[in-house]
């Protein structure tokens with residue numbers, strides 16, 4: 001067997017990764033120091049001025065704020081709901097399998113379809129949401145036109161779509177907790193909620209940590225729902241970071257500033273994962 | 001006892017239907033005419049599907065989605081499996097570094113590659129081609145990682161027996177490793193296919209020609225032709241949406257267990 005064999009076997013994968021992941025990171029850094037609009041023959045080096053422009057741009061700060069609000073509201077809701085539901089659905093009965101299946105379905109369904117369907121649900125005049133409100137004798141809400149509610153609508157839709165994933169992951173985590181621990185806690189006379197708080201929650205911490213990181217990172221990458229439903233509106237209320245990146249690069253054709261934003265997003269997301277890992281490190285290694 | 005069990009199952013079924021009601025209603029809506037929808041009645045019709053296919057080219061989009069997702073899955077699996085085999089079974093200089101580089105891609109947010117990949121493809125003239133849609137999606141660090149873990153669990157004695165019989169590495173991979181790893185490969189195939197089927201942002205930037213639209217692009221464009229509060233033809237939009245969802249739903253009911261296993265295995269261990 002030739003010494004070359006393993007290299008030939010990994011070569012195609014490594015080549016694809018190099019061309020479409022690592023080289024682009026390097027060229028993003030390079031482009032973020034240049035001024036370019038896709039068209040002009042020159043790409044002059046401009047130092048940090050793209051970053052300076054970004055930091056002086058209200059849209060950037062608004063976008064960062066909107067994205068942070070989205071994460072701060074949606075992540076805790078997802079985790080709490082998912083753990084509660086998973087505690088009910090962890091047993092292997094037919095009914096819990098049925099419900100798990102139903103909840104899981106949206107996570108693999110096309111986001112564009114979901115965005116379109118919920119555009120109808122939340123449309124002012126013919127939508128399901130306002131239909132229900134009217135039936136209850138309440139007034140209509142302009143869900144996708146009122147800047148103060150539109151972000152909440154997107155949080156709702158995203159939670160609906162992703163909840164099934166969180167539930168499945170929590171169930172896998174819960175099923176890994178040894179039954180003896182529950183039995184011991186019950187023998188000690190622990191009430192159900194206490195057992196949940198003192199036994200389940202600490203033991204499930206690694207899963208919670210995993211989901212926390214995943215869902216924060218996900219919140220910082222939301223794009224499709226926004227592009228289909230709101231285009232960042234109304235009045236910038238849903239202009240989250242990746243949408244701003246797309247807008248800067250492919251609508252305003254400002255490649256330099258778009259790349260600077262991509263770099264910032266990159267550093268932010270990698271940093272986020274590392275900081276969270278350190279903060280939660282102590283509890284993650286909790287052993288039974 | 002039996003009665004009580006049936007009752008909880010029924011309740012779970014109702015809760016599940018309620019949870020999915022927006023999507024279920026959209027499918028139901030797609031089978032009625034716009035006139036009857038806005039009048040408030042129900043008139044069964046397949047007309048929306050006819051319009052989606054004839055006037056809006058959704059048959060073409062469907063074929064495009066199948067081609068793109070199918071190719072990404074096949075080539076992606078081939079590339080990941082051969083690499084996973086090498087990572088799991090061979091000792092070679094730089095192995096840990098290359099494997100580390102592969103796994104690290106899982107942490108890298110894909111949006112940083114958006115502008116550079118667009119420029120790369122523009123430079124080699126692959127924008128507005130199938131290749132341009134497919135190539136950037138081929139490498140999948142997760143699939144390579146997952147398959148490598150799986151292959152490491154296969155007893156080496158099986159490989160060695162095959163080598164004794166004079167097999168070459170690729171034959172060992174094809175005749176020994178791949179048949180045993182079939183469940184893992186299948187799970188990863190589903191995972192890749194679904195991810196690509198639902199991919200939106202890359203086709204959005206890489207394709208301008210309507211002929212190359214995937215279903216996701218076609219649906220988004222059909223809806224955005226009239227996204228305001230004017231009279232959208234909701235039943236038509238829902239028919240297009242149903243065409244976009246349906247293949248995935250069928251697949252889900254066929255292989256639910258594989259899918260869930262693939263996803264939880266990736267997360268928990």
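Bear in mind that the values in this text are calculations on the coordinates, not laboratory data. Treat the numbers as computed from the prediction; the structure is a model and nothing was measured. Reconstructed Cβ throughout: ideal geometry from the backbone, glycine too, with neighbour counts over all protein chains shown.
The share of Cα pairs per 10 Å bin across segment B:1-144, counted from zero up to the longest distance, runs 9, 19, 21, 21, 19, 9, 2, 0 percent. Between the beta carbons of residue B:152 and residue A:273, assuming R0 = 22 Å, the FRET efficiency works out to 0.30 to the nearest 0.05. Shown here are the Rg and Dmax of the Cα trace of segment A:53-284, at 20.5, 66 Å.
Taking the empirical scaling 2.2 N^0.38 Å for compact globular proteins as reference, the protein assembly as shown has a Cα radius of gyration ratio of 1.03. Using R0 = 41 Å, the C-beta based FRET efficiency linking residue A:55 and residue A:91 works out to 0.20. Panel order for B:194, A:151, B:24, by other beta carbons found within 10 Å of each beta carbon, from fewest to most: B:24, A:151, B:194. The residues A:204, B:101, when put in order of fewest to most other Cβ atoms within 10 Å, stand as B:101, A:204. For chain A, relative contact order (Cα pairs under 8 Å, six or more residues apart, normalised by length) works out to 29 percent. Residue by residue along B:215-222, Cβ atoms of other protein chains within 10 Å of the local Cβ number 4 on average.
Estimated from helical segments only, the mean residue ellipticity of chain B at 222 nm is -22000 deg cm²/dmol, where each DSSP H run of four or more residues counts as -39500 (n - 2.57).
Once you reduce segment A:207-280 and segment B:99-170 to the center of their Cα atoms, the two points are 25 Å from each other. Convex hull volume of the Cα atoms of chain B, normalised per residue: 201 Å³. At R0 = 56 Å, how high is the FRET efficiency between residue B:2 and residue B:224 if r is their beta carbon distance? Nearest 0.05 is fine. For R0 = 56 Å, the calculated efficiency reads 0.60. The packing ranking of peptides A:244-255, B:125-136, highest mean first, is A:244-255, B:125-136, where packing means the average number of other beta carbon atoms within 10 angstrom of each residue. Peptides B:107-115, B:34-42 ranked from most to least packed by the mean count of surrounding Cβ atoms within 10 Å: B:107-115, B:34-42. The mean number of partner chain beta-carbon atoms within 10 angstrom of a residue's beta-carbon across peptide B:202-213 is 1. Working ranking of peptides A:38-51, A:214-227 by packing, defined as the average number of other Cβ atoms within 10 Å per residue, highest first, is A:214-227, A:38-51. Panel values: segment B:100-154, Kirkwood radius from alpha carbon pairs, Stokes-Einstein at 4 °C and 1.567 mPa s, translational diffusion coefficient 100 µm²/s.
By the beta-carbon count within 10 Å of each Cβ, the least crowded to most crowded order of A:161, A:3, B:2, A:140, fewest first, is B:2, A:3, A:140, A:161. Contact order for segment A:1-125, expressed relative to its length and based on alpha carbon pairs under 8 Å spaced 6+ residues apart, stands at 9 percent.
For the peptide B:7-18, the mean number of other protein chain Cβ atoms found within 10 angstrom of a residue's Cβ is 4. A Cα-only calculation for segment A:151-240 places Rg and Dmax at 18.4, 58 Å.
Mean projected area of the convex hull spanned by the Cα atoms of segment A:1-133, taken over all viewing directions: 18.2 nm². Quick one: if you stick a label point 7 Å off each Cα along the C-beta vector at residue A:11 and residue B:74, how many nm between them? Label-label distance for residue A:11 and residue B:74, simple model: 2.3 nm.
Contact order for chain B, expressed relative to its length and based on alpha carbon pairs under 8 Å spaced 6+ residues apart, stands at 31 percent.
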